[in-house]
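Below is one structure, written out as C-alpha cells; comments come after it.
The values are calculated or read from the model by the stated rules, or taken from the named source; none is laboratory data. Remember, predicted model here, so these are calculated numbers, not experimental data. Every residue, glycine as well, gets a Cβ built from its backbone with ideal geometry; the counts of neighbours run over all protein chains shown.
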Amino acid sequence: MVELFVDRYVYLFVLVLLSIGLYGMFAMRNLAKKLVGMTIFTTAIYLFFIEGSVKDGATAPIISPAVGVDAAGYVDPLPHLLILTAIVVGVGIVGVGLALLVRIYQAHGTLEENEVVARLSGSPRAGRRGHPLDEPAQATSAGEADGEAGA
Amino acid sequence: MSALPVLLPVIPLIAGVLAVLVGLYRPAAAQAVATLGMAGALGVALTALAQVIDGAPLRHEVGGWPPPIGIEYVLDPLSGFLATIIAGIGLLAVLYPAKAGLGFVPKAGLPAYGLMCLLLTGLLGVVVSGDLFHLFVFLEIYAISTYALVALGGDRAIFASFRYLLLGTAGSGLYLLGVGFIYFTTGSLNMADVAGLLPAVADSPTIAAAAALITVGLGVKMALFPLHVWLPDAHTNAPPAIAALLAAVQVKAGAYAIIRINYGVFGPGLVADELPIAELLTWFGAAGILVGSVMAILQTDFKRLLAYSTVAQLGYIGVGIGLANPIALIGALLHILNHAVMKSGLFFIAGGIYSQTKIKEIPRMSGLGRKMPLLMSGFAIAAVSMVGLPPTAGFISKFYLVLGAIEGGRWPIAVIIVGSSLLTAVYFVRLIERIFTGKVTDPKLEDAHEPGPRILGPVMLLAVGLLVIFLANVWIVDAILAPVADALLAGR
C-alpha cells in the first residue's frame, strides 16, 4: 500500500493541483485569480497525461539501433501529442479569458467579482464608460440604454 | 471511405476563414460568404443523411491512416440527424439580418460571421468525430467561438461570457481527464475500438471514474441541472441570433456527446445497470424541468424567460437519455429537433420585436399581436409547441417521453413531465393572452409595425416546420430515430 503511494506520488500532486485550481476558480472573488485557478486546473490535467505515459527504462520514441523496433523499449508518444494539442487549446482559452478581463476592467475599473456584479445589477448606466475600443458594445449598449430609458 | 463526414466541418471552417478575410474589406459580404458555407454544409448533411438511412455508416480515415491508429470521422444516422439540425439552424442564423440578430452591423475587421462559422464547425465536428480526443478538440473549438460571440452583447454579456468560460473550461477539463482514464486503461481513443476493449476492463473503478468525469464534464456543456448556472446569463445577454444558435444547437452538441459516449462507448449495460449514471441523469433532468419552469414563470425579461425555459427543455432531454429505454431515447432525440426549431424561432421573434420596438420586457408587450400579426402568429405556434399541445411538434416528443417513463415504470417522472407542461402553459399562455388580447399600453408600440421579410421569413419557416414535424413524426421516428435508439440500447 505504501509502495503504491510512493510509486504514484505524482498523481497526488495532480490531485492537489486540481483541487487548488478548482478552489481558485470558484472560491476566489477576484476574476483574474479565477483565471489563474483555471490555468492551474488545466495544467494539472496536462501533468496527469504526461505522468501516465512515463515508462521505466524506455527511451524517446525515435527508433534507434540500440533499442531496435521493440515497442516496449519506447515511451508511448501519444499522450505527449494530445497534451501539445490541449496546451494550444488552453492558450486560446486563456487568451479569450484575458481579452474579456481587459474589457471588464475597462468598463468597470475593477476585477472584483462582487463589485462588477453590483455595478451590473445596479444603475443600468453605472457600468458604461465610453472607450475607443468599445465600438461593438457601444452600438448595443446604445440600443439597450434606449430601451431602459423608456422603462 | 467517403469524403462526406469530413466535408461537414471543413466547409464551414473554410467559409469562416473566407468570411473573416472578406470582412476586412467588405463587411457586408462576410454574411453572404457565411450563408453560402452553411448552405453547402446543409446540402452535405442532407446528402449524407439520405445515404446512411438505408446503408452502412459513412467513414473517413483522416490521412489514410486506418483506425484505431488514425483519426476516424464516422457519420451514422444519429450523426446525420444532428448534423442536419445544426446546419439547418446555422443557415437560418447567419441569414438573419445583422442589425436585429447581432444588435449592430459588423464593421470591417469584426469577424462576427467568421466566428459563427467556427462555432458551427465545432458543432458539426462533434457530431461526426469518431475519436474521443478529437471530440474534445471540437468541443473547445465551438466553446471558444461561443465565448467570443456571447461577449458581442455588451457589458453584461462580457461578464456572463467570462463566467461561462470558467465553467466551460472546467467541464471540458473533466471530460479530458475522463478520456485520459480511458486511454491509460484501454490504450485506445477510437470510439468503436474503445467500445470493443471496454468489456474486458468494465469492472475496474477507473472506468467508473471515467464515465462519471465524462458525464459531469459534458453535463456542463449541455447545461443539465445543476450544471446550468452559466446558461441563463449567457443566453439572455447574447445577441438574439447568437442566443438562437446557442439554445437551439450548441447545448445539443453536449447532449449528443452524452448519448454517444455513454451508450455508444460505455454501453447501456455499464451506464444504466451497473453504475447509477443514467438514474442520476433522469433525476437531475426532472429537477431541471421543475426548476427551469418555475424560474421561467418568475421572469419579466423575454429573453431571460426563454433562457430558463431552455434549462427546463434540456431537462426533458436529460430525462429521455437517463430512462435508457428506446421509446424515451426516441423522445429525447425528437425533443432535440423540436426544441431546436421552436427555441431558435422564439429567439428570432425576440430579435424581431426588439429591433422594431426596442422592447424586451414582457409587461410592455401587451397588444403586440395587433401591431405585428404575422410575427406574433409565429410566436403563438412556437409557444403552443413549447407547451406541448397538438398539432405542433412539441406534443410528439413529450408524448414519447411520457410513454418512455411509463414503460420504464417511472410514474413520478411521467407526472413531472405532464405537470411541467402546465407550468410551461402558465408562462406562455400568459404571454399569448397579453400579446393578443391586451391593449397597447406602451407609447413605443403605437406606430410599431411588422418587421421585414428577412426576419419574418426564418420565423415563418420555423413555425411551419413545427407543424410539418408534427405531421411527419411517424416517418422521422420510423426511418431515423427508432433504429438509432434500438442500436444504442442494443446491449440492454
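Selection within segment B:96-111: residues that are in contact with a Gly (Cβ under 8 Å, 6 or more places away or on another chain) and farther than 18 Å from B:Gln356 by Cβ. The member of this set that is nearest to the other protein chains (Cβ to nearest Cβ) is B:Leu110.
Restricting attention to segment B:283-322, the residues being surrounded by fewer than 24 Cβ atoms within 10 Å (Cβ to Cβ), β-branched (Val, Ile, Thr) and out of contact with any strand residue (DSSP E or B) (no Cβ under 8 Å at 6 or more places or on another chain) number 3.
When each of A:Ile40, A:Ile62 is tested for being buried (at least 17 other Cβ atoms within 10 Å of the Cβ), under 26 Å from B:Val137 (Cβ atoms) and more than 10 Å from chain B (Cβ to nearest Cβ), the lone residue that passes is A:Ile40.
Examine segment B:421-429 for a residue that is more than 22 Å from B:Gly345 (Cβ to Cβ), polar (S, T, N, Q) and not assigned by TED's automatic domain parsing to the domain that holds B:Ala202, and state whether such a residue exists. Looking for residues that are more than 22 Å from B:Gly345 (Cβ to Cβ), polar (S, T, N, Q) and not assigned by TED's automatic domain parsing to the domain that holds B:Ala202, one finds none in segment B:421-429, hence no. Remark: B:Pro412 matches the filter, which requires a residue to be modelled with pLDDT of 90 or more, within 27 Å of B:Leu298 (Cα to Cα), surrounded by fewer than 14 Cβ atoms within 10 Å (Cβ to Cβ) and over 22 Å from the mean Cα position of the chain (by Cα). Of all residues in segment B:164-185, those satisfying the criterion of being in contact with a Lys or Arg (Cβ under 9 Å, 6 or more places away or on another chain) and more than 7 Å from every other protein chain (Cβ to nearest Cβ) are B:Gly168, B:Gly171, B:Ser172, B:Tyr175. Within segment B:93-120, the set of residues being part of a helix (DSSP H, G or I), over 14 Å from the mean Cα position of the chain (by Cα) and either among the hydrophobic types (A, V, I, L, M, F, W, C) or modelled with pLDDT of 95 or more (or both) comprises B:Val94, B:Leu95, B:Ala98, B:Ala100, B:Ala112, B:Leu115, B:Met116, B:Cys117, B:Leu118.
When B:Pro226 is tested against (1) away from every other protein chain (no Cβ under 13 Å); (2) touching a Ser or Thr at 6+ places or on another chain (Cβ under 9 Å), just one condition goes unmet, and that condition is (2).
Matching residues to (1) of a type in the set (Phe, Trp, Tyr); (2) surrounded by fewer than 22 Cβ atoms within 10 Å (Cβ to Cβ); (3) outside the structural domain of B:Thr169 (by TED's automatic domain parsing); (4) touching a residue at least 24 places away in the same chain (Cβ under 8 Å):
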{"site": "B:Ala212", "(1), (2), (3), (4)": "no, yes, no, yes"}
{"site": "B:Val216", "(1), (2), (3), (4)": "no, yes, no, yes"}
{"site": "B:Val220", "(1), (2), (3), (4)": "no, no, no, yes"}
{"site": "B:Phe225", "(1), (2), (3), (4)": "yes, no, no, yes"}
{"site": "B:Pro239", "(1), (2), (3), (4)": "no, no, no, yes"}
{"site": "B:Leu246", "(1), (2), (3), (4)": "no, no, no, yes"}
{"site": "B:Val249", "(1), (2), (3), (4)": "no, no, no, yes"}
{"site": "B:Ala257", "(1), (2), (3), (4)": "no, no, no, yes"}
{"site": "B:Pro268", "(1), (2), (3), (4)": "no, yes, yes, yes"}
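Scan segment B:323-338 for residues that are part of a loop (DSSP other than H, G, I, E, B) and crowded, with 24+ Cβ neighbours inside 10 Å and the total you get is 1. The residue list B:Val341, B:Val271, B:Val311, B:Val294 contains one member that is at pLDDT 90 or above and closer than 17 Å to B:Gly219 by Cα, which is B:Val311.
Filtering B:Ala93, B:Ala87 for residues that are buried (at least 17 other Cβ atoms within 10 Å of the Cβ), touching a residue at least 12 places away in the same chain (Cβ under 8 Å) and in contact with a Ser or Thr (Cβ under 9 Å, 6 or more places away or on another chain) leaves a single hit, B:Ala93. Looking across B:Val137, B:Val74, B:Val127, one residue alone is under 20 Å from B:Met1 (Cα atoms) and assigned to a helix (DSSP H, G or I). It is B:Val127.
Going by the structure shown, is B:Leu224 assigned to a helix (DSSP H, G or I) and either out of contact with any strand residue (DSSP E or B) (no Cβ under 7 Å at 6 or more places or on another chain) or among the aliphatic types (A, V, I, L, M) (or both)? Taking the combined requirement at face value, the residue does not satisfy it. Total residues in segment B:61-80 satisfying the condition of being within 26 Å of the chain's Cα centre (by Cα) and surrounded by fewer than 20 Cβ atoms within 10 Å (Cβ to Cβ): the figure is 0. Filtering segment B:191-215 to residues that are within 12 Å of another protein chain (Cβ to nearest Cβ) and either β-branched (Val, Ile, Thr) or not in a helix (DSSP H, G or I) (or both) leaves only B:Thr206.
The residue pairs whose first member lies in segment B:433-449 and is within 14 Å of chain A (Cβ to nearest Cβ), whose second member is surrounded by 15 or more Cβ atoms within 10 Å (Cβ to Cβ) and of a type in the set (Val, Ile, Thr), and whose beta carbons are closer than 7 Å, counting only pairs six or more residues apart or on different chains, are B:Asp442/B:Ile359; B:Lys444/B:Thr357; B:Lys444/B:Ile359; B:Leu445/B:Thr357; B:Glu446/B:Val440; B:Ala448/B:Thr357.
For the structure I just gave you, tell me whether B:Ala287 is within 18 Å of B:Ala244 (Cα to Cα) and either part of a helix (DSSP H, G or I) or aliphatic (A, V, I, L, M) (or both). Taking the combined requirement at face value, the residue does not satisfy it.
From the list B:Val128, B:Val137, which residue is in contact (Cβ under 8 Å) with a residue 24 or more places away in the chain and not assigned by TED's automatic domain parsing to the domain that holds B:Gly452? Only one candidate qualifies: B:Val128. Mind checking which residues of segment A:95-125 are surrounded by 17 or more Cβ atoms within 10 Å (Cβ to Cβ), β-branched (Val, Ile, Thr) and either under 15 Å from the mean Cα position of the chain (by Cα) or more than 10 Å from chain B (Cβ to nearest Cβ) (or both)? Correct list: A:Val96 only.
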